[in-house]
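Let me begin by presenting the structure, written as structure tokens, before commenting on it.
The values are calculated or read from the model by the stated rules, or taken from the named source; none is laboratory data. Note that the structure is predicted; figures quoted are calculated from it, not measured. Reconstructed Cβ throughout: ideal geometry from the backbone, glycine too, with neighbour counts over all protein chains shown.
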Amino acid sequence: MDPARLAAFELLRSVAEDDAYANLVWPRILGRHRLDGRDAAFATELAYGTLRWRGRHDAILDACVDRGIASVQPALLDALRLGVHQVQAMRVAEHAAVDTTVALVRARVHDGAAGFANAVLRRVVRGGDAQAWLAALVAEGRLPALDVDPPAHLAVATSHPAWIVRADHEALAASDPSRTWEDTGDALLADNRAAAVTLVARTLPRDELLAALLDEGIDAAPGRWSRLAVRVSAVEPGRLAPVATGAAGVQDEGSQVVALALAEAALDGPDTRWLDLCAGPGGKAALLAGEVARRGGSLTAVELHPHRAELVRSALRPIRGRHEVVVGDALATDLGEPFDRVLVDAPCTGLGALRRRPESRWRRRREDLPELTALQRRLLARALAAVRPGGLVLYATCSPHLAETDAVVAEAARLGGQLLALDEVPGVSLPEGATAGGALRLWPHLHDTDGMYAALIRRTP
Ligand SMILES: C[S@@+](CC[C@H](N)C(=O)[O-])C[C@H]1O[C@@H](n2cnc3c(N)ncnc32)[C@H](O)[C@@H]1O
């Protein structure tokens, strides 16, 4: 058996059986199979791609199995999904995709299932590419057409649960009501593409970071939106010298824009006490700490989970100034004197970062929302209680869901806050239309950042 396909199969099994997080277990699986370079890239595309496209693959497989995929044993179904992915989404010759899947089934599932796997995959191949399959599913009445039931159609065509399709559609319409279901389809398809690596310059100017990378022969370019961002391609960022020393970090450009939106917003009066209420793993805390240190102040970073608080400490270590990490519940910890600027980067469904977490869309449930939104409201209230009159709170999520974004900040006035328009952020070239309605909304398909939301609130006197 070839190790790349075995590794991908192991990842799928581990996600299904052990509830594993793909990003956490994948490096270990690659290591166990001694995969690196091009082989590792092939295995990653196969494994992550299959997890992302599972919804569409399953709809096609369901049409190729007489009693439906509910009748197929889970390990066998995972092997078939890998086969479909190679046939429809990778440049693998059809016979190679079928033969290697049959060999995988023999080696890892059950000798007796090999004939079945062969027959099913040959049906998939005979049906043509993914577009031909979607058209056939519609023609056979197995899938509603886009104009008949847009969320149900896009759920299969873009491989997302229907509740996420609806959530993205509503969030896109919030800043531009003329947006169509096709736009929503584009947004969802961007979740199926891997994100580029972006670095943030932490202890040196961005131009010096860029020059150091170019000197090392790394393909690097300035980011599009943040004055601190550098985009790099085809590298393992942890191996780059500036990242290893903490002079730079790996951080999505959208996250940089969010942290800068708080750091750069105009503020009257004292400006030396900053607070990050939900800091782990510390990407935004490190950026904020650098900015407040330049103004002679310091950052207090709160994180509930000790292992994440440790990551915050490591991120803050190379940053100039004396910053404090508090391990505990932000809702129940006394944080002392009021702060001038407060970030609430609230725990959320993470629907804006699905491109980074290939299996997450299948694990998240709409039923997770009430508990999360209740926590988000309490954290926003805590932030407004912790900031001085006239001080600023930035409420952010890596989710576009309206219940986690606009609906939460709508509480601001009741909690003693006034919503400010985020139409200009010094040091950030804000994309046109991204702040329609006052809050900032970034999208992978429009801005090539994670999907981020940020609203700026001033504590009323
Ligand atoms: C969205 S993440 C923050 C990401 C972070 N700002 C960054 O840029 O790296 C939310 C964090 O809040 C933490 N958290 C959740 N509930 C909390 C609470 N009650 N008090 C403090 N931290 C909490 C979570 O453990 C998680 O690390």
Residue count, segment 227-259 (criterion: surrounded by fewer than 24 Cβ atoms within 10 Å (Cβ to Cβ) and among the hydrophobic types (A, V, I, L, M, F, W, C)): 9
Pairs, first under 17 Å from Ala259 (Cα atoms) and in contact (Cβ under 8 Å) with a residue 60 or more places away in the chain in segment 292-306, second within 9 Å of the ligand (Cβ to nearest atom) and part of a helix (DSSP H, G or I), C-beta under 8 Å, six or more apart: none
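Looking at Asp99, Asp78, which is the one that is surrounded by fewer than 19 Cβ atoms within 10 Å (Cβ to Cβ), among the charged types (D, E, K, R) and part of a helix (DSSP H, G or I)?
Numbers: Asp78 fails: surrounded by fewer than 19 Cβ atoms within 10 Å (Cβ to Cβ).
Testing whether each residue is surrounded by fewer than 19 Cβ atoms within 10 Å (Cβ to Cβ), among the charged types (D, E, K, R) and part of a helix (DSSP H, G or I) leaves just Asp99.
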Selection within segment 415-448 - more than 21 Å from the chain's Cα centre (by Cα) and acidic (Asp, Glu): Asp423, Glu424, Glu432
Given (1) under 25 Å from Ala16 (Cβ atoms); (2) in a helix (DSSP H, G or I); (3) in contact (Cβ under 8 Å) with a residue 12 or more places away in the chain; (4) of a type outside the set (A, V, I, L, M), number of the condition Pro151 does not satisfy: (1)
Residue tally, condition outside any loop (DSSP other than H, G, I, E, B), over 23 Å from the mean Cα position of the chain (by Cα) and over 14 Å from Arg382 (Cα atoms), over segment 314-339: 4
Leu372 in the same structural domain as Arg273 (by TED's automatic domain parsing), under 22 Å from Ile457 (Cα atoms), surrounded by 17 or more Cβ atoms within 10 Å (Cβ to Cβ) and not hydroxyl-bearing (Ser, Thr, Tyr): yes
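Let's see how each residue does on (1) buried (at least 20 other Cβ atoms within 10 Å of the Cβ); (2) outside the structural domain of Leu379 (by TED's automatic domain parsing); (3) within 20 Å of Pro270 (Cα to Cα):
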| position | (1), (2), (3) |
| --- | --- |
| Pro281 | no, no, no |
| Leu287 | yes, no, yes |
| Ala301 | yes, no, yes |
| His307 | no, no, no |
| Arg317 | no, no, no |
| Gly321 | no, no, yes |
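Can you name every residue in segment 326-380 that is among the hydroxyl-bearing types (Ser, Thr, Tyr), in contact with a helix residue (DSSP H, G or I) (Cβ under 9 Å, 6 or more places away or on another chain) and within 11 Å of the ligand (Cβ to nearest atom)? Before you say what the answer is, go through the steps one by one.
Our first condition is that a residue be among the hydroxyl-bearing types (Ser, Thr, Tyr); within segment 326-380, this holds for 333, 349, 360, 373.
Then keep just the ones that are in contact with a helix residue (DSSP H, G or I) (Cβ under 9 Å, 6 or more places away or on another chain); that gives 349, 360, 373.
Selection gives Thr349 alone.
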Tally of residues being buried (at least 23 other Cβ atoms within 10 Å of the Cβ) and within 27 Å of the chain's Cα centre (by Cα) across segment 385-411: 14
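Is segment 269-276 home to any residue that is closer than 17 Å to Leu430 by Cβ and within 12 Å of the ligand (Cβ to nearest atom)? Walk me through how you get there before you give the answer.
Applying the first criterion (closer than 17 Å to Leu430 by Cβ) to segment 269-276 yields none.
Looking through segment 269-276, none of the residues is closer than 17 Å to Leu430 by Cβ and within 12 Å of the ligand (Cβ to nearest atom).
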Which listed residue, of Ala136, Ala157, Ala145, Ala190, is in contact (Cβ under 8 Å) with a residue 40 or more places away in the chain, more than 25 Å from Asp406 (Cα to Cα) and surrounded by fewer than 21 Cβ atoms within 10 Å (Cβ to Cβ): Ala136
Among residues of segment 291-313, those that are touching a helix residue (DSSP H, G or I) at 6+ places or on another chain (Cβ under 9 Å) and assigned to a helix (DSSP H, G or I), counted: 3
